[in-house]
1. I'm trying to understand the selection: among the residues of the range 34-49, which are at pLDDT 90 or above and out of contact with any Leu (no Cβ under 9 Å at 6 or more places or on another chain)?
2. So, in the range 30-48, how many residues would count as being in a loop (DSSP other than H, G, I, E, B) and touching an Asp or Glu at 6+ places or on another chain (Cβ under 8 Å)?
3. Specify the residue that is modelled with the lowest pLDDT; the eligible residues are those in the range 50-91 that are buried (at least 16 other Cβ atoms within 10 Å of the Cβ) and assigned to a loop (DSSP other than H, G, I, E, B).
Amino acid sequence: MTFQNKTLEEAFHRQGGLCAYCGKELVWASTQSGERGAWHSHHRKAIVHGGTDFLGNCVLLCINLPEECHLQIGHGGSYQDNMVLHDKDLPYLL
């Protein structure tokens, strides 16, 4: 499943246009790796583990190096063990 555009817009504004993990500036129209401010949406709790496609389960993470938070944080780190990104994992989530 995927997030609706309205949910993504709300997440973008909630985060102040910043990556929820590192605070890097995101660009709304940039969703492809290599573009300035590129980002992907991520489920805080995976759908297969009971997560939803609602705003409370949506975070936007940068996808460009050097941070590449979507891969490093979203699919690695504590997420690998718990399959949940908690508020403490996301310092720029407002």
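1. Those that are at pLDDT 90 or above and out of contact with any Leu (no Cβ under 9 Å at 6 or more places or on another chain): 34, 35, 36.
2. Total meeting the criteria: 1.
3. It comes out as 85.
The values are calculated or read from the model by the stated rules, or taken from the named source; none is laboratory data. Just so it is clear, the structure is predicted and the values come from calculations on it, not from any experiment. Cβ sites come from the backbone with ideal geometry, for glycine too, and all protein chains shown count toward neighbours.
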